[in-house]
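Have a look at the structure below before the remarks.
Bear in mind that the values in this text are calculations on the coordinates, not laboratory data. All values reported here derive from a predicted model rather than from experimental measurement. Don't worry about glycine lacking a Cβ; one is built from the backbone with ideal geometry, like all the others, and counts go over all protein chains shown.
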Amino acid sequence: MNFVVFAGGVGGAKLADGMARSMDDASLTIIVNTADDFELYGLHISPDLDTVMYTLAGIANPETGWGIAGDTFHNFDMLARYGASPWFHIGDRDMATHLLRTQMLRDGATLAEATRILSERLGVTARILPMTNDRVRTVVDTEEGLYHFQEYFVKLHWQPEVRSLIYEGAGEAEPLPAALRAIETADTIVIAPSNLYLSIDPILAVPGMRDALLNASAPIIAVTPIIGGEAVKGPAAKLMRELGDEPSAAAVAQHYAEFLNGFVLDERDAELQPRIEAMGMGVLLADTLMRNADDRARLACEVVTFADRLRPEKMGGCKLNLSLPPQKQPVRSTDANR
Ligand code: GDP
C-alpha cells in the first residue's frame with residue numbers, strides 16, 4: 001500500500017510517525033512544506049523537513065516541537081557571548097544537520113537529495129520529500145508591516161495581526177516530480193493536522209500540486225488541526241480569525257473541500273459532523289489529540305481504516321502495533337523557537 005501524507009512540522013510529523021509505526025509493510029511518502037525554510041549564519045535551515053525527519057528517526061524533542069531531544073546549546077551561548085543576540089535556537093547536534101545540508105547544497109545537491117541522504121543516515125525508512133527543490137518563502141503581511149515567516153513566528157511569537165500571506169516564489173516553483181508521482185500512484189492520501197495556511201497552503205501553491213490532488217484516484221482525507229475552535233498548538237485558529245474564516249474544524253473542511261473525500265473530525269466537535277457531511281465528504285469522529293506514540297499509531301490506523309471505507313475496493317486496513325519505546329527525554333526545554 002502506498003500512503004502519501006502532506007505535512008508541515010509538528011502535527012504532520014506526529015501523524016506520519018503514527019503511520020510509519022503502525023504499518024510495517026506500507027510505503028510512506030511525506031510531502032513537506034519548505035516555505036518556512038530560511039538562511040541563518042549562512043546555513044540553510046528547513047524546520048519542517050527536520051521536524052518530520054527527527055520525529056521519524058525517534059530523536060525529536062517532544063516538548064519543544066523542534067530540535068533534538070537532549071541537545072545542548074553551547075553554540076547558542078557562545079553566539080550570545082559574542083553579542084550576536086540570536087533569536088533562533090539551534091542546538092549543537094541540530095547544527096550538524098544544517099551544516100551538512102548546506103554543504104551538500106553548495107556542492108550541487110538538490111534539497112530532495114540532501115534530505116534523502118540525511119534521513120537515510122538517521123535510519124528513516126519513510127520517504128521525506130520537500131514540496132519543491134526551488135526557493136519558496138512565506139511572507140507575512142501584518143498590521144505592522146511585512147515579515148519573513150521565521151521573524152513573525154519565532155521572533156515575534158506570531159503576535160502581529162495578519163492581513164494576508166504571500167508564498168513568495170511559489171508561482172515559479174517546480175513541484176518535485178517524485179511528489180507528483182507519489183500522489184498519482186497513492187492508495188491513500190492524507191492531509192495531516194498541520195496549519196492550513198502556513199504548512200499546507202504553501203504546498204498547494206506550488207503549480208501542479210493542487211491539480212495532482214484533484215486528479216488523484218486515491219481517497220483524500222484531512223485530519224483536523226482544530227479542536228473545539230482552537231489549535232492544539234500554534235497560530236492556526238488565530239490566523240483563521242484574522243483572515244476572516246470561522247475558527248472551526250468545519251472551516252478547515254471547507255478550505256480543502258474541492259479535493260477531499262473524507263474528514264477526520266475530533267469527537268469533541270461532533271456537532272459539526274452534519275455540516276461537514278453536507279459538503280459532500282465522509283466524516284470520521286475520532287480522538288485526534290496525539291499525546292504520545294500510541295495515540296499517533298491509533299489515529300493513523302483509524303485514518304487508514306476510514307480510507308478503506310471510502311474506496312470501492314478494500315485494501316486490508318492497518319495492523320496496530322502499540323507499546324512502542326518512549327522517546328528520549330530532553331535535558332533542556334525552551335519554547336523560544338516554536
Ligand atoms: P508546525 O509547522 O510545527 O507549526 O506544525 P504543523 O503545521 O504540522 O502543525 C501545527 C498544527 O497542527 C496546529 O494547527 C495544531 O493545532 C495541529 N496539531 C498539532 N498537534 C496536534 C494533535 O495532536 N492533534 C490534532 N488534531 N492537531 C494537532
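Sequence-distant or interchain residues sharing an amide H contact under 5 Å with VAL190, placed H: which?
Correct list: VAL4, VAL5, PHE6, ILE221.
So if I place +1 on the C-beta of Lys and Arg and -1 on the C-beta of Asp and Glu, and nothing else carries charge, what would the dipole magnitude of region 171-304 be about its Cα centre? I want it in debye, nearest 20.
I would put it at about 200 debye.
For the chain, what does -39500 (n - 2.57) per DSSP helix run (n ≥ 4), summed and divided by total residues, give at 222 nm, in deg cm²/dmol to the nearest 500?
Value at 222 nm, helices only: -10000 deg cm²/dmol.
Mind ranking 249-257, 74-82 by how tightly packed they are, going by the mean number of other C-beta atoms within 10 angstrom, highest first?
My ranking of the peptides, most packed first, is 249-257, 74-82.
Using a Cα distance threshold of under 24 Å, what count of lysine pairs results for the chain when pairs must be 8 or more residues apart or interchain?
Lysine pair count for the chain: 7.
List every residue whose amide H lies under 5 Å from the amide H of PHE73, counting only residues 5 or more places away in sequence or on a different chain, with H placed 1.01 Å from N in the peptide plane.
The list, which skips near neighbours in sequence, is ASP92.
Among SER22, SER217, rank each residue by its count of other Cβ atoms within 10 Å, from fewest to most, as a rough exposure measure.
With the sparsest Cβ surroundings first, the list reads SER217, SER22.
Return the sequence-ordered ³J(HN,Hα) values of region 176-188 in whole Hz as given by the Karplus equation 6.51 cos²θ - 1.76 cosθ + 1.60 applied to θ = phi - 60°, using x for Gly and Pro.
For region 176-188, the Karplus-derived couplings read 5, x, 5, 5, 4, 5, 5, 5, 5, 9, 5, 8, 8 Hz, x marking Gly and Pro.
Read phi for every residue in region 45-54 and hand back ³J(HN,Hα) as whole Hz from Karplus 6.51 cos²θ - 1.76 cosθ + 1.60, θ = phi - 60°, with x for Gly and Pro.
10, 10, x, 6, 4, 5, 4, 5, 5, 5
Could you work out how far helix 10-22 tilts from the main Cα principal axis of the chain, as a 0 to 90 degree angle to the nearest 10?
Result, in degrees: 60.
Kindly write out, for region 66-82 in residue order, the coupling ³J(HN,Hα) from the Karplus curve 6.51 cos²θ - 1.76 cosθ + 1.60 (θ = phi - 60°), rounded to whole Hz, with x marking Gly and Pro.
Taking θ as phi minus 60°, the curve returns 9, x, 10, 4, x, 5, 10, 10, 5, 5, 5, 4, 5, 4, 4, 5, 6 Hz for region 66-82.
Can you list the residues, at least 5 places off or on another chain, whose amide H is less than 5 Å from the amide H of ILE227, using H built in the peptide plane?
The list, which skips near neighbours in sequence, is VAL232.
Compute the angle between helix 111-121 and the longest alpha-carbon principal axis of the chain, please, reported from 0 to 90 degrees and rounded to the nearest 10.
90
Let me know the shape class of region 50-188, please: from the alpha-carbon gyration tensor, a ≥ b ≥ c as square roots of the eigenvalues, rounded when a/c is under 1.5, otherwise prolate if a/b is greater than b/c, or oblate.
Cα axes put region 50-188 in the oblate bin.
Please give, to one decimal in nm, the separation of the simple spin-label points placed at TYR41 and GLU151, each 7 Å out from Cα toward the Cβ.
For the pair TYR41/GLU151, the computed spacing is 2.1 nm.
Between region 123-187 and region 39-102, how many Å separate their Cα centres?
Going from one Cα centre to the other spans 19 Å.
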